[in-house]
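Q: Pasting a structure below so you can have a look.
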Amino acid sequence: METLLHDVRYGLRQLLKHPVFTILAVISLALGIGANTAIFSLVNTVLLRPLPVKEPSRLVEVYGALHNGADFTLQSYLNYKDYRDRNDVFSGLFVYRIVVSSLSHNGSNERVWGFLASGNYFDVLGVKPMLGRGFLPEEDQTPGSHPVAVLSYPCWQKRFGADPAIVGRTILLNNHTFMVIGVAPRGFFGTEVAYAPEFWTPITMAKVIEPGSRWLDSRDSDNLFMIGRMKPGATRAQVKAAMDAITFQLGKEYPAENEGRGIMLSPPGLFIPSIRDASVTFAGVLMAIVGLVLLLACVNLANLQLARATGRRKEIAIRLAVGASRGRLVQQLITEGVLLSLAGGALGLLLAAGINKLVGGIKLPMDIALVFDLRLDWRVMLFALGLSILTGIVFSLLPALQSSKPALVPSLKDDAKLGGFRRSRLRNSLVIAQVSLSLVLLVCAGLIVRSLQAAQKMRPGFDTQNAVAISFDVGLQGYDETKGRAFQHQILERARAIPGVRSAALTSSLPLALNYNSSSVYLEGQPATSVSNLPLCIPTSVSPGFFDTMGIPFRGRDFAENEDKKESRVAVVDEIFATKFFPGQDPISKRFNFSGPKDPFWEIIGVAGNVKHNSLAETPQPGVFRPQFRDYDTVVTLVARAQGDPRSIIAALRKEFQEMDPTLPLYDIKTLTEHMKIPLFPARMAANVLGSFGVLALVLAAIGIYGVMSYVVAGRTREIGLRMALGAQLRHVRQLILGQGMILASIGLAVGLAIVFILARFLTSMLYGVSPTDPITFIAITFLLAAVALVACYIPARRAARVDPMVALREE
């Protein structure tokens with residue numbers, strides 16, 4: 001310990017004696033460690049941090065499996081009750097559903113997000129409210145009989161002023177009175193890591209929270225998340241076997257809904273398995289990218305240490321001459337490297353905190369209560385500390401080993417030949433690696449940015465110009481079906497009558513609105529099969545005039561205003577549906593349904609152009625459009641196309657809503673151009689992240705090349721002075737230094753191009769309309785990095801040309 005403390009003190013003195021080197025090294029490491037820490041904090045939040053519940057490792061989410069496990073589905077309430085009552089592997093099994101409601105408070109109505117949950121929700125999770133209580137068993141028995149609610153801690157703080165007497169008070173949800181029975185503990189938001197509900201209410205209150213819903217009594221309404229707590233000693237294999245057996249029994253008892261289904265188990269926390277898989281992939285890509293950034297920073301450190309070692313050759317030679325062992329010198333040099341790395345890690349933590357604050361301030365382009373808790377907890381701190389120490393050791397070791405074996409006699413005489421780039425192959429190799437890594441990061445960033453530009457020009461299948469959308473939910477105000485239908489009809493008529501509105505229509509959801517939904521398709525005349533084996537399509541309900549308003553190509557006939565009854569089984573399909581299910585035929589007048597040969601069929605009356613449903617990069621999926629007013633839905637979106645600037649009609653549309661019901665909350669008021677921010681959000685975020693790391697790589701490359709060339713110039717001062725004394729011109733000196741640096745940079749660019757040409761192919765799934773070998777990106781980035789390298793070499797070369805020959809020749 002005494003030796004270590006001595007090394008630390010000596011190392012600190014050495015670093016303080018060379019502030020330029022120290023600052024360059026600390027900044028390089030701070031950028032690399034800070035970027036890695038920021039990304040790790042995201043990974044920690046999404047994948048590693050345990051849920052704030054009792055024994056989270058024993059929780060497992062249970063999905064239905066379709067098509068031999070190729071697809072998954074949520075669970076119906078009736079299936080849940082059978083699973084709950086028949087299983088012997090869970091100590092508790094609960095379900096919940098994400099919902100939205102209107103909260104009336106202090107004279108205003110606000111749209112808030114929450115959970116419908118089964119009565120055992122809090123008990124199975126082992127969570128006790130900080131105020132009041134959770135649900136009682138009897139509050140989960142009779143539909144509509146127990147209007148009670150538990151508030152989240154932020155809701156209690158923000159909306160009710162942290163009133164300690166809140167328990168027992170009543171609130172209005174959807175204009176219905178609910179009694180507050182408890183307040184959830186601080187930091188508890190349920191089992192979804194990115195979702196922040198404001199309330200929980202019993203699942204038996206579904207028809208109040210979601211007016212018109214009938215899924216409590218429907219076995220084929222798969223819309224509930226189901227989570228169980230495994231009994232002590234139970235394994236996942238045992239759980240799956242037991243639940244598969246129950247599913248097989250349900251398939252025999254209810255073949256129309258359950259035949260051919262299976263079970264899929266997943267850790268809870270990220271909504272659905274596909275989101276978890278995408279998150280793991282995205283996190284892996286990000287960690288690989290920031291790993292490259294850290295590697296680049298560490299190459300900087302190693303290079304700077306090697307360059308600095310040339311100035312310490314006499315010191316090291318004297319130490320060896322008076323008896324110091326090589327191991328002792330290596331220990332001292334590694335200690336200095338770890339000190340640098342720890343300083344960089346401390347600064348990197350501050351940088352990571354700043355990055356997380358910026359990320360936390362990003363407003364997602366969607367109306368949902370998403371939140372990411374990116375705090376720097378003990379896992380993140382430990383990660384940063386471990387990364388700092390490991391970085392300091394690993395990338396100080398090689399320079400330390402090389403520096404600790406100088407040629408003693410020339411070094412003691414100070415006659416060692418200095419600075420020649422051919423005489424330091426390791427340092428030259430590190431410069432080449434530095435430029436190569438920078439080029440890899442910059443080209444990947446450039447491809448993503450070019451992809452974003454291409455995505456912004458992609459046509460989603462509808463016209464985004466001169467149109468606005470306003471979403472509303474009459475169910476939030478407690479409208480019954482008769483009143484709700486009348487409101488929707490009337491607002492559509494009023495919108496069409498506004499001056500400047502060319503056309504208007506209603507739809508159950510806009511394309512690319514992240515409204516994931518699907519239905520099975522059975523074609524008339526095909527062999528009978530279970531629903532779980534049927535192909536899928538994406539259903540949407542639309543009013544007459546929708547295709548014209550959205551600018552979607554159309555042939556056939558549109559829906560009629562009087563097609564609003566259950567008998568009105570007419571549909572419009574898209575081109576993908578037509579070519580997939582009726583190849584080489586005209587689909588108009590063909591018939592299909594969504595379940596099987598025993599149910600009434602729907603007649604196809606028109607064919608619409610293809611639209612992107614869920615993402616711009618999606619595999620084309622069949623789409624079906626049904627009459628909006630045939631099946632009543634409280635949640636609709638009004639789309640209006642203006643004759644000119646779409647924003648000119650927003651105020652008029654708002655006024656019509658206000659006149660009809662001033663208490664109705666409106667949401668997602670936007671132009672269709674703004675609506676495109678939703679599908680472009682992943683591409684934009686990827687471009688921002690990779691673009692930032694690309695800039696970071698550029699800065700690190702510039703710092704590294706500049707630092708190394710500065711030390712080369714310092715080491716060749718006498719040589720340069722001698723050259724100038726013998727008649728060398730200033731331009732010759734500049735060319736000498738520039739040539740040395742640019743030869744290394746050119747080799748690095750060539751190596752980097754070869755590497756990125758191979759690696760860029762792995763970005764294909766993230767690119768829209770851009771080849772992974774896009775020549776514009778490769779050429780532009782290569783010239784950019786070459787220009788930066790030229791500037792980084794020119795500054796030391798310019799300084800070398802100013803060396804006074806007499807001073808240089810007298811230098812000791």
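Q: Using only Cα positions of region 193-242, each an equal point scatterer, no hydration layer, compute I(q)/I(0) via Debye at q = 0.16, 0.18, 0.29 Å⁻¹ and quote the log10 values to two decimals.
A: -0.75, -0.85, -1.14
Q: Quick one: if you stick a label point 7 Å off each Cα along the C-beta vector at S648 and L295, how many nm between them?
A: 5.7 nm
Q: Within region 505-541, list the residues whose amide N lies under 13 Å from a label point set 7 Å along Cα→Cβ of R591.
A: Once the point is set 7 Å along Cα→Cβ of R591, 523-526 turn out to lie under 13 Å by backbone N, inside region 505-541.
Q: Calculate how many DSSP beta bridges within the chain are antiparallel, expressed in % of all such bridges and rounded to the nearest 5.
A: 80 percent
Q: Run the quick spin-label model on M179 and A528: label points 7 Å from Cα toward the beta carbon, then report their separation in nm to one decimal.
A: 5.1 nm
Q: Can you tell me the 0 to 90 degree angle between the C-alpha axis of helix 77-86 and the longest principal axis of the chain, rounded to 10?
A: Relative to the chain, helix 77-86 is tipped by roughly 80 degrees.
Q: Can I ask one more? With r defined as the distance between the Cβ atoms of R425 and T764 and R0 fixed at 41 Å, what FRET efficiency is calculated, to the nearest 0.05?
A: After rounding, the FRET efficiency stands at 0.65.
Q: Positive end of the charge dipole of the chain (Lys, Arg +1 and Asp, Glu -1 on Cβ, about the Cα centre): tell me which of S648, M724, L136 has its Cα farthest that way.
A: Toward the positive end, the furthest listed residue is M724.
Q: Then there is this: Please go through the residue pairs K612/K670; K128/K207; K81/K240; K612/K677; K207/K363 and name each one whose alpha carbons sit more than 24 Å apart in this structure.
A: Beyond 24 Å: K128/K207; K207/K363.
Q: Please work out the ratio of the alpha-carbon Rg of region 16-143 to 2.2 N^0.38 Å and round it to two decimals.
A: Against the compact-globule rule of thumb, the ratio is 1.70.
Q: What 222 nm value per residue comes from the helices of the chain, counting each DSSP H run with n ≥ 4 as -39,500 (n - 2.57) and dividing by all residues, nearest 500 deg cm²/dmol?
A: Only helices count here, giving -16000 deg cm²/dmol.
Q: Could you tell me how many degrees, from 0 to 90 and to the nearest 10, lie between the Cα long axis of helix 19-43 and the main elongation axis, the longest principal axis, of the Cα atoms of the chain?
A: Approximately 20 degrees, to the nearest 10.
Q: For region 253-359, count all C-alpha to C-alpha pairs, find those more than 24 Å apart, and express that count as a whole percent of the total.
A: 58 percent
Q: Another question, then. Please give me the summed charge of the neighbours of R591: other residues whose Cβ is under 15 Å from its Cβ, Lys and Arg +1, Asp and Glu -1.
A: Net local charge, R591 excluded: -1.
Q: Then there's this: Quick one: net charge of M685's neighbours, Cβ under 14 Å, K/R +1, D/E -1?
A: +3
Q: Starting from the exponent 0.38 and prefactor 2.2 Å, build the expected Rg for the chain from its residue count and divide its actual Cα Rg by it.
A: So the Cα radius of gyration is 1.19 times the expected 2.2 N^0.38 Å.
Q: Keeping every protein chain present and rolling a 1.4 Å probe, give me the accessible area per residue for region 117-271 in Å².
A: It amounts to 41 Å² per residue over region 117-271.
Q: So if I place +1 on the C-beta of Lys and Arg and -1 on the C-beta of Asp and Glu, and nothing else carries charge, what would the dipole magnitude of the chain be about its Cα centre? I want it in debye, nearest 20.
A: Dipole magnitude for the chain comes out near 4420 debye.
Q: OK, next. At 7 Å along the Cα-to-beta-carbon direction for both L12 and F757, put a label point, then send me their distance in nm to one decimal.
A: Here the answer is 5.2 nm between the modelled labels.
Q: Below 12 angstrom from the Cβ of I98, what's the summed charge of the other residues (Lys, Arg +1; Asp, Glu -1)?
A: -2
Q: What do you get for the angle between helix 326-360 and the principal long axis of the chain? Use alpha-carbon atoms, 0 to 90 degrees, nearest ten.
A: 30 degrees
Q: Same structure again: May I ask for the equivalent-ellipsoid semi-axes of region 162-256, computed as the square root of five times each C-alpha gyration tensor eigenvalue and listed largest first in whole Å?
A: 33, 22, 10
Q: In addition: Quote the convex hull volume per residue of region 660-723, based on C-alpha atoms, as a whole number of Å³.
A: Cα convex hull per residue, to the nearest whole number: 145 Å³.
Q: What FRET efficiency, computed as 1/(1 + (r/R0)^6) with R0 = 35 Å and r the Cβ-Cβ distance, is obtained for L784 and K677, rounded to the nearest 0.05?
A: E between L784 and K677, to the nearest 0.05, is 0.75.
Q: For the chain, what's the relative contact order in percent, using C-alpha pairs closer than 8 Å and at least 6 residues apart?
A: This gives 17 percent for the chain.
Q: Next up: Give a residue-ordered list of calculated ³J(HN,Hα) values for region 252-266 (Karplus: 6.51 cos²θ - 1.76 cosθ + 1.60, θ = phi - 60°; whole Hz; x for Gly, Pro).
A: Along region 252-266, the couplings run 6, 6, 10, x, 4, 9, 10, 5, x, 7, x, 10, 10, 9, 8 Hz.
Q: Among the DSSP beta bridges whose two residues both lie in region 133-195, what percent are antiparallel, rounded to the nearest 5?
A: 50 percent
Q: Rounded to whole Å and ordered largest first, report the semi-axes of the equivalent ellipsoid of region 414-569 derived from its Cα gyration tensor (root of 5λ).
A: Ellipsoid semi-axes (Å, largest first): 59, 24, 16.
Q: Moving on to the next point. Quick one, what does Rg over Rh come out to for region 442-532 if you take C-alpha atoms and the Kirkwood Rh?
A: 1.13
Q: In whole Hz, what ³J(HN,Hα) sequence does region 156-172 give by Karplus (6.51, -1.76, 1.60; θ = phi - 60°), x for Gly and Pro?
A: Once rounded to whole Hz, the list reads 4, 5, 6, 9, 10, x, 6, 5, x, 9, 5, 5, x, 7, 10, 10, 10.
Q: In addition: Mind checking the dipole of region 593-633: about its Cα centre, +1 per Lys or Arg Cβ, -1 per Asp or Glu Cβ, Debye to the nearest 20?
A: Charge dipole of region 593-633: 40 debye, to the nearest 20.
Q: Determine the per residue accessible area of region 556-668 with all protein chains present and a 1.4 angstrom probe, expressed in square angstrom.
A: Value for region 556-668: 44 Å² per residue.
Q: Quick check on packing: order 629-640, 138-149 by the mean number of other C-beta atoms within 10 Å, highest mean leading.
A: Per-residue Cβ counts within 10 Å, averaged per peptide and sorted highest first, yield 629-640, 138-149.
Q: Separate question: In nm, what is the difference between 0.36 nm times the number of residues separating M130 and A454 and their Cα-Cα distance?
A: So the chain would gain 111.6 nm between M130 and A454.
The values are calculated or read from the model by the stated rules, or taken from the named source; none is laboratory data. Small disclaimer: the values here were computed from a predicted structure and weren't measured. Using ideal geometry, Cβ is built from the backbone for each residue, glycine included, and neighbour counts are taken over all protein chains shown. Please note that ligands, DNA and RNA were not included when accessible areas were found on the heavy atoms of the full protein model with its side chains. Shrake-Rupley method; radii C 1.70, N 1.55, O 1.52, S 1.80 Å.
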